[in-house]
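Read the structure below first, then the notes.
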Ligand code: HEM
């Protein structure tokens, strides 16, 4: 095994990969949320459909999509390996340990939260991404050009109460996952400092709540007001 493989399959190496991919996925969330805000433009979905078409056809975005998939895969795989290593290292919890007093609920349930997000992602991609890339959407003409009507798919999906419920519940799970993950990433990267760590924690908290609220408002808006 060369030093590269050795370093990145060690526990600390895997934690570094999880942190870097996690922070990268956070940046994706911001871009995705800002793009989705076009759903609120009062133009019958025109700007959203044109934007989605650009995202689906632009070569730079297509390359970034591969990086994104790799980011997700590494993040999930390393989470799985690290959880298994932790369990093998300490198969039985110490009886006199009081985890509730020494750690937060989200830090103890990152695996569960991550699994909820993974299930959400599969449902989400199946409904939006797969038809957008492989066909199955109605067409719409905007300025004499044919587009896929992804906006219509969004409106129709968010008329279904249980679909909206899946989104809202998943965004609560995502918020808790990010609240712990954000600050934990900085810690794993060794970026801790008496002066800056409290700021990172507050920023991470605000980031998680704002981003997840932003995503949750979309299905709620379409269910109640569209
Ligand atoms: C209500 C909130 C959301 C809406 C309305 C929404 C909408 C969409 C749509 C329409 C697509 C297909 C875009 C295309 O292929 O051109 C998409 C793709 C995607 N979404 Fe979402 N999304 C939401 C929340 C989320 C969240 C919270 C995550 C991650 C946890 C996420 C992850 C993804 C990924 C990974 C893709 C595929 C990559 C891409 O096309 O950019 N989405 N989303």
*Using 0.36 nm per residue, how much length does the chain from residue 224 to residue 30 gain when fully extended, once their Cα-Cα distance is taken away?*
67.4 nm
_Between helix 11-36 and the chain: long-axis angle, C-alpha atoms, 0 to 90°, nearest 10_ = 20
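As an exercise, use a Förster radius of 41 Å and the Cβ-Cβ distance of residue 138 and residue 20 to find the FRET efficiency, rounded to the nearest 0.05. Before the final figure, lay out each step's value.
On the way: r = 40 Å, r/R0 = 0.96.
Between residue 138 and residue 20 the formula returns 0.55.
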*Give the angle, between 0 and 90 degrees and rounded to the nearest 10, that separates the Cα long axis of helix 110-124 from the longest principal axis of the Cα atoms of the chain.*
20
*Rg (Å, one decimal) plus Dmax (Å, integer) for the alpha carbons of the chain?*
20.1, 70
*Let me have the relative contact order for the chain, percent, based on Cα pairs under 8 Å that are six or more residues apart.*
27
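With 10 angstrom as the radius, rank 195, 6 by how many other C-beta atoms surround their C-beta, starting from the fewest. Kindly include the intermediate steps, with their values, before the conclusion.
Numbers: 195 6, 6 10.
By the 10 Å Cβ count, ascending: 195, 6.
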*Helix axis angle, 46-57 relative to the chain longest principal axis, alpha carbon, degrees*: 60
*How much length, in nm to one decimal, is gained on full extension between residue 159 and residue 194, taken as 0.36 nm per residue of separation minus their Cα-Cα distance?*
7.8 nm
*Computed over the Cα atoms of segment 1-54, what is the ratio Rg over Rh, Rh following Kirkwood?*
1.36
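How big is segment 167-221 by the Kirkwood estimate over distinct Cα pairs, in Å? Please report the intermediate quantities before stating the final value.
Values: mean 1/r = 0.0849 Å⁻¹.
Evaluated over segment 167-221, this radius sits at 11.8 Å.
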*If each of residue 2 and residue 103 carries a label point 7 Å out from its Cα toward its Cβ, how far apart are those two points in nm?*
3.5
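A short reminder: the numbers here are calculations on the coordinates, not readings from a lab. It should be emphasised that the depicted structure is a prediction, and the values quoted were computed from it without experimental measurement. Backbone-built Cβ (ideal geometry, glycine too); neighbour counts: all protein chains shown.
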